[in-house]
Amino acid sequence: MKTIFLADDDADDREFFEEALKEIDIQTTLTTVKDGAELMTVLVDNLLDPPPPHVIFLDLNMPRKNGIECLKEIRETPRLKNIPVVIFSTSAYPNAIETTYSLGANCYICKPNSHQLLKKTIETVLSHNFWERNQQLPKDKFLLAIS
Amino acid sequence: MIKKEKHTRIKIVFLIAIIALMLLSLFSYLRIRNLIDESVLVNHTQKIKLELNKTLSILQEVESNQRGYIFTKDSVFLPPVDSARIILTFHLDNIARLTNDNQSQVQNALQLRTVVFKRLDYLQKMLNDAKISNLSTQRFLTGRKLMSEVGNQIREMEKEEDKLLQRRTSSMNKSASLTPLLTILLIIGSILILVSSYIKIIKELRISDLLKLNIESTKNELELTNKELAFQNKEKEKRAAELIIANKELIIQNEEKEKRAAELIIANYARSLIEASLDPLVTISASGKILDVNEASIKVTGVPRESLIDTDFSDYFTEPQKAQEGYRQVFKKGFVADYPLTIRHKNGNQTDVLYNASVYKDDQGNVLGVFAAARDVTEQKWAKDLRIANKELAFQNEEKEKRAAELIIANKELVFQNEEKEKRATELILANKELESFTYISSHDLQEPLRQIQNFSSRILANEQKSMTEKAIVYFEKINNAANRMQVLIADLLAYSRTTFAERKFEIIDLRIIAEQVKSEFEEVIEVKNAKIEISEMCLTNVIPFQMRQLLHNLLGNALKFSNPDIPPHIKITSSIITFVQAPNISLNPEKEYCHISITDNGIGFEPQYKDRIFEVFQRLHDKQKISGTGIGLAIVKKIVENHNGFITATSQLNEGATFDVYIPNN
């Protein structure tokens, strides 16, 4: 059983993600939060119960605290710094990709535009088992697969 | 200095010791004085006491006799009152004298005198009465009372005297009690001072002894050295005298040499002047033979010095007889002036000259030969022409200055224009930044709603198909297609603007790596279309890596997209460094190296007249329903090539494949 956190301010996107995840073979539990501030509260306060997530899907454009700020905080907090972070954004702006990778993002994916593609993308990302080997996927691995 | 200081210190020490000893004597003297004073005082008190006792005892004796007489009436007991009065007066006087230093005691003494005589008078009266009759007890009581008054007075005075003595001696003792302690301290102090000064003096004496010894030995050494020096001095004086003589000798030799040198310099100087002269100079003997020539003569004749000397002077002129006539005149007249002749150079050149010559003589006045100087007059002829040419040049110069002034004005104008352009450039940079932020907005904010449309329409098509009519399904598919096209359009526009605004960092990159990466991006299409892609002869070159990648991506993408549906695509990618190529419509710099990238496919191609149009934005040659695309891909390619200062050409015939050639300067 893998625990997954999703931080996204768009309710529709959260729903798409949830539906796609349900149809995947991998056994998972999903916790969703509405923005970066909520994510940090959940991560810091509930670190032991429930246990830390296996992977965090992180949107970039969010109110209160954006994805970049969250990523920075996670990587600077000793208890959290090893949690894999997958950037999950609409934008494929090169600067954003460079910045998040330099801050230690494990993967950058563009939000797919169909249910099928989303399912496939999540499946592929999870199959990389970031939680076992702390690795960074090539910057454009999923950008091109999607477009 | 040090010695003096030491002496003063010793003096001070002794002075302190003397002062201490004097203080000691003073204290002792004071102590003795004190003791004497004390004993005098004690003595004084004892004397007073004695006098007082005597007074009392005399009075008592008189009284006891009186009692005896009253009881017995025997005249034996008749007391000598009168003599007792005299003795008492004597004693009382003594008391008064002794106590006159104390006011209260003086009063007491007077009181005592009064009481004593009162008692004595009463005693006399009782005796007189006793002779007549018996005396009453009352009279005896009065007598006793008077007697006790006397006793009281005496005791009073004794007490007073004791008190005085005690007061005086106690004050003396107080001052005297410190004396022994001070004395001891002073003695110890003096001893310490004396001992330390003794040690000090002994040390000083030792040091001065040592110094004396040192001085003695140094003195001896100095005497020896002095003698040695005196000896050396004498030796040196001797040597100096010798040197002075040698010096005089040298000075004389020197003067001789200087004279000789001066003569040589003059001779040299004269010779140099002769040699430096541009006029040909020559000396001729009486027989007309050349004796000596200068460098100019050699030049003008073209004959070396050795060959000139001892030959006939007249041989080197176009008219030898005129020359002979010339030097004969000199011997005759002593000189000639401006005698025209023409010198003939060995190679045939002729030089017009004017000769000035005079004879030269020895000390006795005998003529030795002729000294002749030739002035080249060809130059003078030239000078006239030159003056005219100069004027022309001056005129041209003025013209040029005028032109320069005009150029300066033009330059200022250009500087001004330049500034304007810089301003414009700054404005453009700002505008570019704004565009860049617009690019970011379009990359995110435009895509977000679009993606939602795509998502929802795809969900509807997937899940709600059963409850929809055929028409509704078709419409939703159209919505989906339109949204997808718009997504591609946004992505392409972004890529296009990025090639314009993004930072341009050149790096030396192996093109094969980029080509292989791009190829792998198309894996799926390649598989589906069963395409064959050949990458060969790739080279290293200096490019903007991400742009070069985009270029190859677009070109390869096009080659795959515009393939012939009946034949599997076969695409060849090559690159090489070339120096010069003959290609239509492009003009490569023949001095530069270029990287030539070529992509050839076997696809549907295009009609040759479109070879330029295809690179324009939004230009499509095909129906978008048949072949997808936005018409931006090749515009991006063109832009990237321009960013690299290169050229691109497209060659094709319809249905016969196409070739794209890219030329990028290889820096």
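Quick look at the numbers
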quantity: J(HN,Hα) series, region B:590-596, from Karplus relation 6.51 cos²θ - 1.76 cosθ + 1.60, nearest Hz, glycine and proline x; calculated: x, 8, 9, 9, 10, 9, 9
quantity: Tail weight of P(r) past 21 Å, computed on alpha-carbon pairs of region B:352-451, percent; calculated: 75
quantity: Among B:Gly646, A:Asn61, B:Asn102 - extreme Cα towards positive end, dipole of the protein assembly as shown, charges at beta-carbon; calculated: B:Asn102
quantity: 0 to 90° range, to nearest 10: angle between helix B:633-643 axis and chain B longest Cα axis; calculated: 70
quantity: Chain B, relative contact order [Cα under 8 Å, separation at least 6], %; calculated: 7
quantity: Cβ-based exposure ranking for A:Trp131, B:Trp382, in which fewest neighbours within 10 Å come first; calculated: B:Trp382, A:Trp131
quantity: Most to least packed among A:119-128, B:219-228 [average Cβ atoms within 10 Å]; calculated: A:119-128, B:219-228
quantity: Residue (of B:Asn247, B:Ile187, B:Ile32) at the positive-pole extreme of the protein assembly as shown, dipole from beta-carbon charges; calculated: B:Ile32
quantity: Estimated [θ] at 222 nm from DSSP helical runs (n ≥ 4, -39500 (n - 2.57)) normalised by residues in chain B, nearest 500; calculated: -24500 deg cm²/dmol
quantity: Charged-residue dipole, Cβ positions (Lys, Arg, Asp, Glu), region B:162-237 about Cα centre, Debye nearest 20; calculated: 900
quantity: Debye, to nearest 20: dipole size of the protein assembly as shown, +1 on Lys, Arg Cβ, -1 on Asp, Glu Cβ; calculated: 6580
quantity: Dipole-positive endmost among B:Ile154, A:Asn95, B:Cys595 within the protein assembly as shown (Cβ charges, Cα centre); calculated: B:Ile154
quantity: Prolate/oblate/rounded label for the protein assembly as shown (Cα gyration tensor, a/c 1.5); calculated: oblate
quantity: Between 0 and 90°, nearest 10: helix B:511-521 axis offset from chain B longest Cα axis; calculated: 90
quantity: Least to most buried among B:Tyr610, B:Tyr339, B:Tyr198 (fewest other Cβ within 10 Å first); calculated: B:Tyr198, B:Tyr610, B:Tyr339
quantity: 9 Å beta-carbon shell around A:Glu38, net charge (K/R +1, D/E -1); calculated: +2
quantity: Stretch gain in nm, segment B:Ala241-B:Asn463, where the contour uses 0.36 nm per residue and the Cα spacing is subtracted; calculated: 66.3 nm
quantity: Surrounding net charge for B:Val367, when Lys and Arg each add one and Asp and Glu each subtract one, Cβ distance under 14 Å; calculated: +2
quantity: Region B:353-468, dipole about Cα centre (Lys/Arg Cβ +1, Asp/Glu Cβ -1), debye to the nearest 20; calculated: 260
quantity: Helix B:470-501 vs. chain B, principal-axis angle (Cα, 0 to 90°, nearest 10); calculated: 80
quantity: Positive minus negative residues near A:Phe88 (Lys, Arg vs Asp, Glu; Cβ under 11 Å); calculated: -2
quantity: Between region B:366-433 and region B:190-206, the Cα center-to-center distance that results, in Å; calculated: 103
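Only the coordinates and a few stated rules stand behind these numbers; no lab work does. Note that the coordinates shown come from a computational prediction; the quantities given were computed from them, not determined experimentally. All Cβ positions, even for glycine, are placed from backbone atoms using ideal geometry, and neighbour counts span all protein chains on display.
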